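Notes follow the structure.
The values are calculated or read from the model by the stated rules, or taken from the named source; none is laboratory data. On a predicted model such as this, the values are computed, not experimentally measured, just so you know. Here Cβ is always computed from backbone atoms with ideal geometry, including for glycine, and neighbour counts include all displayed protein chains.
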Amino acid sequence: MGFVKRMSGLDRRIIFVIIGLAVIIPLLIPIGLPIIPTAPARATYDAIQNLPEGSIVLFSFDYDPSTMPELQPMAIAMLYHCFTKHLKVIMIALWPQGPQMAELSMQEVNKQLEAENFPLPEYGKDYVNLGYKSAGGLVIIGMATSFAGIFPLDTYGTPISELPLMDKIKSGKELQAVVDLSAGDPGIPAWVMVSRMAGYPQPPEPGSTDITGKMYLLGGTTAVSAPGFYPYLNTNQMQGLLGGMRGAADYEKLVNKPGTAIAGMDPQSIAHLVIVLFIIMANVFFFLEKRQEKRKAT
Amino acid sequence: MELTNISFWDFFGVWVAALLTLFIFSFLYKDNPFYKLAEYLFVGISAGYYVGYYYYNVLIPNFWIPFWQQGQYEYIIAVILGTTILFRLSRKSGWVSRFGFAFVIGCGAGINFITYLQSNAMAQIYGTITPLVALVKGENGGILLDWKNTIYNLVMIIGVTSGLVYFYFSKPHKGLLGVTARLGIWFLMVSFGASFGYTIMARISLLIGRMQFLIFDWIKMTWDVIGGKISVGF
């Protein structure tokens, strides 16, 4: 079999091995490629940075372990940012395993804060985990009226009336920011479509830092879904968006806390380069094979 | 992960997760019993886990407690409607499920009609109303042409218009309409390509996540246990 024909029909298992090596080698021998945060990531960071101390941020953990590599680093970096700015955090989940993702994120954040001798956030005062509630958009609508009506107990079974943080806020209308870490539906589309009409505060004007009576809607999503949400960003329905592991790496860079996302950028870049080379190779050998067949025919 | 001692069950759990990961990856060579074992285990455990999870986290707090402990008897209506959906499984009585589905679809359509129209149609139309020529105030107070935003706005308006023209099928795509539709196809293909590129990035990210687990959680932890840096205890 000629070289061109052999390369055109290359066994896909060889491609799998090469892609695998393209991921493993940069993980073991980091290159340190530069990471320049994108504008949407910077907008997300600036929004949290603009919140005054004591502001209450709602984190909606709408993902499960299948998308942890992309969304967990975002959760950890954003929670770290919030706690270092002394913001208060309410965690909810519209996906069943969201509360566990929230707990795992907090364990990692506490480790980071402890390593810097930063006072650890206290459960009940600085953050609460209200757990999972089914029905997606209806939960968002219900929270606009009352948190207690939707989440009478937190994820550990404690009545929310016994949590000091929940004395400061009774409904979603008093939130300063919502961060939705979303792997699908319910998630960002539900928050964008429902929140403003349900009575949550309106977004601040583009470029404005005055957030009195306003609410940021920020999102983190898988790379698969990110292109579909950029229209929300461009129309100011969302004020920030992190897309995939790259978005998480951008945020880790902005808060200066390198984690698994930044570590994953070298293998990501190398793997993409390998894929591009394979695509070029495949096209070259495709056209060479066609030319050979034409010559044989004539 | 920096640990000096871990419990046996954590250590065992990491090994089970690593082996199952490798079993799934073995499919890349060819289908085999190890892959099948991992696949069936995943399906079975997911189903069992979610039955238990939904019983304790949905049925009990959303129906059992309000109905039996708080006297909110109106919740029985929701349970009856939900139960009718299960009749879908019966060939003879499947028609009963129409009541439950009608309620779900009707409510969903009613809520989403306005919200979807607002966020995905009206807001997007509003977002495309941008100046064809973007101007900006210069340092000396004069008005300057903002090239970047002008080109961006022009590309966006041309892309949106031509893309919409492509989906206009009431007239044959000939002449000016045909040319515009053809341009629309190019914009659509470029956007699909960008979306596909993001999809590839997502899949590579998941592979990177698994490799990070295998290398830094499984192999490194096992090496440290063998080397005595980490002790495993009950």
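Annotations for the structure displayed:
- Test: residue in region B:2-24 that is of a type in the set (S, T, N, Q) and more than 27 Å from B:Trp223 (Cα to Cα): no
- From the list A:Gln292, A:Gln268, the one residue that fits, being among the polar types (S, T, N, Q) and within 14 Å of chain B (Cβ to nearest Cβ), is A:Gln268.
- When region A:52-73 is limited to residues that are assigned to a helix (DSSP H, G or I) and polar (S, T, N, Q), the one that is nearest to A:Thr222 (Cα to Cα) turns out to be A:Thr67.
Residue by residue, here is whether (1) in a helix (DSSP H, G or I); (2) within 14 Å of chain A (Cβ to nearest Cβ); (3) among the acidic types (Asp, Glu); (4) under 28 Å from the mean Cα position of the chain (by Cα) holds:
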site	(1), (2), (3), (4)
B:Phe11	yes, no, no, no
B:Trp15	yes, no, no, no
B:Ser46	yes, yes, no, yes
B:Tyr53	yes, yes, no, yes
B:Val58	yes, yes, no, yes
B:Ile77	yes, no, no, no
B:Leu86	yes, no, no, yes
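- Within region A:271-289, considering residues that are among the hydrophobic types (A, V, I, L, M, F, W, C) and within 13 Å of another protein chain (Cβ to nearest Cβ), the one nearest to the chain's Cα centre (by Cα): A:Ala271
- Count of region A:76-86 residues which are within 14 Å of another protein chain (Cβ to nearest Cβ) and in contact with a Phe, Trp or Tyr (Cβ under 8 Å, 6 or more places away or on another chain): 0
- Looking at A:Ser195, A:Ser208, just one residue is free of Cβ contacts under 8 Å to residues at least 60 places away in the same chain and part of a helix (DSSP H, G or I), and that residue is A:Ser195.
- Pairing residues of region A:88-117 that are touching a residue at least 40 places away in the same chain (Cβ under 8 Å) and not assigned by TED's automatic domain parsing to the domain that holds A:Met68 with residues that are outside any helix (DSSP H, G or I) and of a type outside the set (A, V, I, L, M, F, W, C), at Cβ distances under 6 Å and at least 6 apart in sequence or on separate chains, gives no pairs at all.
- Checklist (1) modelled with pLDDT of 95 or more; (2) out of contact with any strand residue (DSSP E or B) (no Cβ under 9 Å at 6 or more places or on another chain) applied to A:Gly220, failing item: (2)
- Selected residue (criterion: nearest to the chain's Cα centre (by Cα)) from residues of region B:203-224 that are at the interface with chain A (Cβ under 7 Å from one of its Cβ atoms) and not aliphatic (A, V, I, L, M): B:Ser205
- The lone exception for B:Trp68 - which of (1) surrounded by 13 or more Cβ atoms within 10 Å (Cβ to Cβ); (2) over 30 Å from A:Gln237 (Cβ atoms) it fails: (1)
- Selection over region B:192-202 of residues that are more than 15 Å from A:Val276 (Cβ to Cβ) and either more than 7 Å from every other protein chain (Cβ to nearest Cβ) or among the hydrophobic types (A, V, I, L, M, F, W, C) (or both) gives a count of 2.
- Which listed residue, of B:Gly163, B:Gly82, B:Gly159, B:Gly106, is out of contact with any helix residue (DSSP H, G or I) (no Cβ under 8 Å at 6 or more places or on another chain), modelled with pLDDT of 90 or more and assigned to a helix (DSSP H, G or I): B:Gly106
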